[in-house]
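The values are calculated or read from the model by the stated rules, or taken from the named source; none is laboratory data. If you're wondering where the values come from, they're calculated on a predicted model, not measured in any experiment. All Cβ positions, even for glycine, are placed from backbone atoms using ideal geometry, and neighbour counts span all protein chains on display. Ligands, DNA and RNA are stripped out before the accessible areas are found, and what is left, the full protein with its side chains, is counted by its heavy atoms. Shrake-Rupley method; radii C 1.70, N 1.55, O 1.52, S 1.80 Å.
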Amino acid sequence: MEQLKNYIYMDMSGIDSLLSQITSELVETSHIQTTNRKNGSANGNVGFSELIKKIFKADVSVSGELESVQIIDKTTTQPYEAKIQQIVKYIEKNEVVLKDRAEMPKNYQEDKQNFALLTMPFDTDFYNSDWFETVNLANQFGHISFYKGGDNTNKFKDTYQYHDSYYKTMAMEKIKITMNLSIKKMEPFGGITSHLAVLFRETRGTNIRLGVFGHIYRLTESVYQIKPYAVWRA
């Protein structure tokens, strides 16, 4: 069963753009036709079919009865959560999907589309004792930067450890990830009691565990940037 997600960010136009490349079934349209008959008469000899073509409504005389026909176009769109699931199913079969930091250096492919679908803790500078000053700064920049730095930025102790996975662990921790979330695409965070306000204050802006779905680009051998389409609390 698919786990329910608490989305805090969603790039709707980006999701629609991805899905339009996969399928044309972005919008489902159905035609509803209702017909009502009642006794009466109607003057004029306007053709029933011609009138339908022109204005989709008609009153004509049919065997002593007055007939009214109405045609309605009904449009239904998929919810974005369903669109994301459809895209994920496609890219897992046809593109490169990186699900943790350890996969990035060995599975990233320059000649293919690379996507991040992972859950991990992120850090941000979006914390200040003066909450309203912090919100004003974020609104000025238009985004909040999230990142997961390597061993130096996160103060990992570079001490010798007596196990085979030591060097693999150190290599993984040196992978740096950066990600910007647009203010306009995030849930409201300005209020001091909003979910994001509480999240940033409780975590002091560090080790915020997030789920992320987005494009991922390798900037250097050890630095990757995520263009997020959806982010949720994990």
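Computed values, structure above
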read-out	value
Subset tally (residues that are of a type in the set (A, V, I, L, M) and under 11 Å from the mean Cα position of the chain (by Cα)) for the range 209-228	1
Breaking point among (1) of a type in the set (A, V, I, L, M, F, W, C); (2) open to solvent by 30 Å² or more (accessible area, probe 1.4 Å); (3) over 17 Å from R209 (Cβ atoms); (4) modelled with pLDDT of 80 or more, for L117	(3)
Candidates T220, T206 - the one that is without any contact (Cβ under 8 Å) to a residue 12 or more places away in the chain, open to solvent by 20 Å² or more (accessible area, probe 1.4 Å) and either closer than 21 Å to P105 by Cβ or touching a strand residue (DSSP E or B) at 6+ places or on another chain (Cβ under 6 Å) (or both)	T220
